[in-house]
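What follows is calculated from the coordinates using simple rules that are stated; it is not laboratory data. Small disclaimer: the values here were computed from a predicted structure and weren't measured. Cβ placement follows ideal geometry from the backbone for every residue including glycine, while neighbour counts extend to all protein chains displayed.
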Amino acid sequence: MAELHNHAEIENQLRQQLVDYGQSLFNRGYATGGAGNISLRLPCGNYLATPTGSSMGRLQADRLSKVDIDGNHLSGDKPSKEVQFHLAIYRANPSYGAIVHLHCTYLTALSCRDDLDSNNCIKPFTPYFVMRIGQLPVVPYFAPGAAEIAEHLAALAPQHRAMLLANHGPVCAGKDLFDAGDNMEELEETAKLMQLMQQQPIRYLSDAEVATLEAKYG
């Protein structure tokens, strides 16, 4: 009985954490309108996710969608159709405890370019990109909600914590909501720097410098 009470208390804390972080993203311009979605794993093994069409700035803790690992809707408002690709990532990499998907400006702009290296579309020029992200592979374009998005993300998730959906936007995972969010924000800042330096000569990190960072930070 005490364990059930503890799980309920933790779930309430995580619900509020998700609402607060969504509001923060909205207030700082990372999320607009009803775009993007967030999910996190609960102690009981089920998942909380932002409901379909919901604005990050108007989330309500008691109306968040709760689903199981198979996508069955357990409670709350109807989940986003994109919760299926969140669940595919969790199944492929159980170490992840949260996923953030946004249509933030600079990464979405990057996702629309036609000259990207699909294996890693950002050549590293800051240590923080390497430390937080490592590499950013690109998933080919599919219509939002298409099953192929989940399939591609699941194939990449064991080795990558961030992926870019072509003509759509980024997906970042982490051990918890703050870790996933920090990964997303560092990635968006990197894409912004790329845009700012578009006409400037850039000193990229050497292979040896990247290898040193990877050896230290994983």
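Work out, step by step, the length gained on full extension between Asn46 and Ala8: first 0.36 nm times the residue separation, then minus their alpha carbon distance; give nm to one decimal. Walk me through the numbers before you get to the answer.
Details: separation 38, 0.36 × 38 = 13.68 nm, distance 1.22 nm.
Stretched out fully, the Asn46 to Ala8 stretch lengthens by 12.5 nm.
With charges only on Cβ, +1 for K and R and -1 for D and E, what is the dipole size of segment 2-217 about its Cα centre, in debye, rounded to 20? It would help to have the intermediate numbers written out before the result.
Working: 17 positive and 24 negative charges, 55 e Å.
Magnitude of the dipole: close to 260 debye.
Counting other C-beta atoms within 10 Å, and keeping those with at most 16, which DSSP coil chymotrypsin sites (Phe, Trp or Tyr not before Pro) do you find in segment 122-191? Each step should come with its number before you reach the end.
Values: sites: Phe125, Tyr128, Phe129, Tyr141, Phe142, Phe178; in loops: Phe125, Tyr141, Phe142.
Qualifying residues, ordered by number: Phe125, Tyr141.
Report the semi-axes of the equivalent ellipsoid for segment 1-55 in whole Å, largest first, where each axis is √(5λ) for an eigenvalue λ of the Cα gyration tensor.
Details: eigenvalues 137, 25, 9 Å².
Sorted largest first and rounded, they come to 26, 11, 7 Å.
Which residue fluctuates most in the GNM of the chain (Cα springs below 10 Å): Val83, Val171, Val130?
Val130
Lys/Arg Cβ at +1, Asp/Glu Cβ at -1, dipole of the chain taken about the Cα centre: which of Gly29, Asn167, Ile99 is farthest positive-ward?
Of the candidates, Gly29 comes out farthest on the positive side.
Quick check: the distance between the Cα centres of segment 1-61 and segment 149-195, to the nearest angstrom?
Computed from Cα coordinates, the inter-centre distance equals 18 Å.
About its Cα centre, what dipole magnitude does segment 168-209 give when the only charges are +1 on Lys and Arg Cβ and -1 on Asp and Glu Cβ, stated in debye to the nearest 20? Let's see the in-between values first.
On the way: 3 positive and 9 negative charges, 47 e Å.
Dipole of segment 168-209, to the nearest 20 debye: 220 debye.
Could you give the length gained on full extension between Tyr141 and Ala109, defined as 0.36 nm per residue of separation minus the Cα-Cα distance, in nm? Please report the intermediate quantities before stating the final value.
On the way: separation 32, 0.36 × 32 = 11.52 nm, distance 1.38 nm.
Residue separation times 0.36 nm, minus the Cα-Cα distance, leaves 10.1 nm.
With each pseudo-label sitting 7 Å past Cα toward Cβ, what's the Arg91-Lys123 distance in nm, one decimal?
3.8
Points 7 angstrom from Cα along the Cβ direction at Gln195 and Ser75: gap in nanometres?
Each label point is offset 7 Å from its Cα along the Cβ direction, giving 4.0 nm.
Provide Rg over Rh for segment 140-199; use the alpha carbon set for both Rg and the Kirkwood Rh (inverse mean inverse pair distance). Write down the numbers at each step before the final one.
Details: Rg = 12.9 Å, Rh = 12.7 Å.
We get a ratio of 1.02 for segment 140-199.
For the chain, with the dipole built from +1 on Lys and Arg beta-carbon atoms and -1 on Asp and Glu ones, taken about the Cα centre, which of Gly57, Gln13, Gln200 lies farthest toward the positive end?
Highest projection toward the positive end goes to Gly57.
Loop only per DSSP, at most 14 neighbouring Cβ atoms within 10 Å: give me the trypsin sites (Lys or Arg not before Pro) in segment 166-218, ordered by residue number.
Details: sites: Lys175, Lys192, Arg203, Lys216; in loops: Lys175, Arg203.
Those satisfying the criteria are Lys175, Arg203.
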